[in-house]
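What follows is a single structure, written as structure tokens, with notes after it.
The values are calculated or read from the model by the stated rules, or taken from the named source; none is laboratory data. Keep in mind it's a predicted model, so treat the numbers as computed, not measured. Note: ideal-geometry Cβ built from the backbone for every residue, glycine included; neighbour counts use all protein chains shown.
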Amino acid sequence: MSITENYQQILSSIPAHVQLVAVSKTHPVEAIQEIYNQGQRVFGENKVQELVAKYPELPKDIKWHLIGHLQSNKVKYIAEFIDTIESVDSEKLLLEISRQAEKHQRTIKVLLQVKIAEEDSKTGLEISEAKELFLQYLQGQFPNIEITGLMGLATFTDDMEQVEREFLFLKRLYDSLSIQKPLTTLSMGMSGDYQLAIASGSNSVRIGSSIFGQREYPQS
């Protein structure tokens with residue numbers, strides 16, 4: 001199937017209240033433009049360098065989400081135009097995002113990335129750290145950011161019961177923080193598990209390969 005057909009199929013499988021973040025990492029601007037022409041406006045990129053290269057080539061009403069690990073020294077390159085940073089995993093990073101946003105007289109939306117997977121390779125905040133940062137945020141410590149929700153990456157496994165446990169774990173934290181300040185975005189689920197994520201309470205899914213296909217990397 002074509003990218004457009006893939007996109008329409010994914011779109012038809014997602015409830016109206018769930019945001020689709022089309023993960024365009026490693027895919028060319030032509031592919032992004034094709035989905036944009038179908039009405040998609042939210043795209044996710046993993047790497048700052050790639051995002052900065054694509055940004056000038058594409059329509060300016062795209063809402064870019066940074067979904068990969070972000071080093072604080074690279075925030076300055078995207079602060080002027082990024083819509084949401086989904087992968088915030090430290091106080092240092094929050095402070096830098098707020099500082100760079102202030103330079104551009106804007107507020108940047110962020111999601112706190114919480115470690116829900118049992119894999120050591122997955123990064124994120126521990127529950128206690130997420131709660132502490134949220135409290136600091138409520139006390140006004142990061143004036144130029146808006147914490148709109150949480151993001152989590154489930155374990156890469158065929159054990160869907162484990163994946164479901166991890167999703168529900170994050171949903172409980174989301175609900176408890178929302179009592180202190182209403183949150184809007186619970187970002188869970190990718191191409192392989194987005195239906196389970198939605199059933200577990202996700203209202204934002206990050207889908208790449210099911211839309212754009214597998215990226216063929218040039219052989220070295």
| task | Just one of (1) under 21 Å from Thr26 (Cα atoms); (2) modelled with pLDDT of 95 or more trips up Phe167, so point out which. | result | (1)
| note | If we keep only residues of region 121-131 that are out of contact with any Asp or Glu (no Cβ under 6 Å at 6 or more places or on another chain) and without any contact (Cβ under 8 Å) to a residue 40 or more places away in the chain, then the residue farthest from Thr107 (Cα to Cα) is Ser121
| remark: Per the filter on region 12-28, residues in contact (Cβ under 8 Å) with a residue 24 or more places away in the chain and within 16 Å of Gly213 (Cβ to Cβ) are Ala22, Val23, Ser24, Lys25, Thr26, His27
| request: Kindly indicate the residue of region 155-182 that is closer than 21 Å to Ser87 by Cβ and in contact (Cβ under 8 Å) with a residue 40 or more places away in the chain and also farthest from the chain's Cα centre (by Cα) among those meeting that condition. | output: Lys181
| field | Qualifying position, being acidic (Asp, Glu), farther than 26 Å from Arg172 by Cβ and at pLDDT 95 or above, among Glu30, Glu86 | value | Glu30
| remark: Of the conditions (1) surrounded by fewer than 15 Cβ atoms within 10 Å (Cβ to Cβ); (2) touching a residue at least 12 places away in the same chain (Cβ under 8 Å), the single one that Tyr77 does not satisfy is (1)
| request: Give the residue, chosen from Glu96, Glu91, Glu45, Glu57, that is among the acidic types (Asp, Glu), surrounded by 19 or more Cβ atoms within 10 Å (Cβ to Cβ) and farther than 19 Å from Ser187 by Cα. | output: Glu96
| request: Please find, within region 167-217, the residue that is surrounded by the most Cβ atoms within 10 Å (Cβ to Cβ) out of those that are of a type in the set (A, V, I, L, M) and under 15 Å from Ser13 (Cα atoms). | output: Ala197
| query | For region 103-126, how many residues meet the condition of being at pLDDT 95 or above, surrounded by fewer than 20 Cβ atoms within 10 Å (Cβ to Cβ) and in contact with a Leu (Cβ under 7 Å, 6 or more places away or on another chain)? | reply | 0
